[in-house]
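Peer 1: This structure is in structure tokens; I'll ask about it shortly.
Bear in mind these aren't lab numbers, they're just calculated from the coordinates by the rules spelled out. On a predicted model such as this, the values are computed, not experimentally measured, just so you know. FYI the Cβ positions are ideal-geometry reconstructions off the backbone, even for glycines, and counts take in every protein chain you see.
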Amino acid sequence: MSAIEIFNNAPDLQVQEDSAATLARRVIADEQLEVSSLNIIFVDDAYLKDLHQRYLDDDSKTDVMTFSLNADGPIEGEIYISLDRARAHAQTYRVTAEMEVARLIIHGLLHLKGYDDHTAEEQKLMREKENACLARYPEGVAFYDTGY
């Protein structure tokens, strides 16, 4: 089994690490991904916006960024997820924050598998794959606010 590390680096929002790792392992198995190491890093909007600017020269907020750390062989990668964006998207799309966090983990794993979402057709295909995965994991990922 692949090494999966979860990092909660958002100041006011957290996910339950076991829940996120379990979802990632299930998707990896179902999608038959060969993964040697995976880091999933939960951050806030400011952190991910800075990464977006630094690596993609785009100053806008984003919900997820994926970095493949090798070109060949088993996947070695990092998935950065903004919990601020996950919470905002959950409200916008009328889904639970738990399901939106799950969608973003799945989205990142699909990117590491080689899926892209630059065109409308690619976006449609990724969304279909995400929805199929989400249907298998209706519990989502445990998510809570620590900013009280």
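Peer 1: With the calculation restricted to Cα positions, what are the radius of gyration and Dmax of the range 67-147 in angstrom?
Peer 2: Just the Cα atoms of the range 67-147 yield Rg and Dmax of 13.5, 41 Å.
Peer 1: When the scattering of the range 104-147 is computed by the Debye formula from its Cα atoms alone, each counted once and equally, what is log10 I(q)/I(0) at q = 0.19, 0.25, 0.27 Å⁻¹?
Peer 2: Each listed q corresponds, in turn, to -0.63, -0.87, -0.95.
Peer 1: At a temperature of 10 °C and a viscosity of 1.306 mPa s, determine how fast the chain diffuses translationally according to Stokes-Einstein, using the Kirkwood radius over alpha-carbon pairs as Rh; express D in µm²/s, rounded to the nearest whole number.
Peer 2: The diffusion coefficient I find is 104 µm²/s.
Peer 1: Neighbouring Cβ atoms within 10 Å as the yardstick, rank Tyr55, Tyr80, Tyr47 fewest first.
Peer 2: Listed from fewest to most nearby Cβ atoms, that is Tyr55, Tyr47, Tyr80.
Peer 1: By DSSP, what percent of the beta bridges with both residues in the range 3-137 are antiparallel, rounded to the nearest 5? The partial results should precede the final answer.
Peer 2: Working: 5 of 19 bridges.
Once the DSSP bridges in the range 3-137 are tallied, antiparallel ones form about 25 percent.
Peer 1: Could I ask something else about it? Any chance you could tell me what percent of the C-alpha pair distances in the range 30-105 go past 21 Å? Working shown, then result.
Peer 2: Details: 978 of 2850 pairs.
Distances greater than 21 Å cover 34 percent of the Cα pairs.
Peer 1: Right, here's the next one. Quick one: length gained pulling Tyr93 to Glu31 fully straight, 0.36 nm per residue minus the C-alpha distance? Present the calculation step by step, with values, prior to reporting the outcome.
Peer 2: Numbers: separation 62, 0.36 × 62 = 22.32 nm, distance 2.56 nm.
Answer, rounded to one decimal: 19.8 nm.
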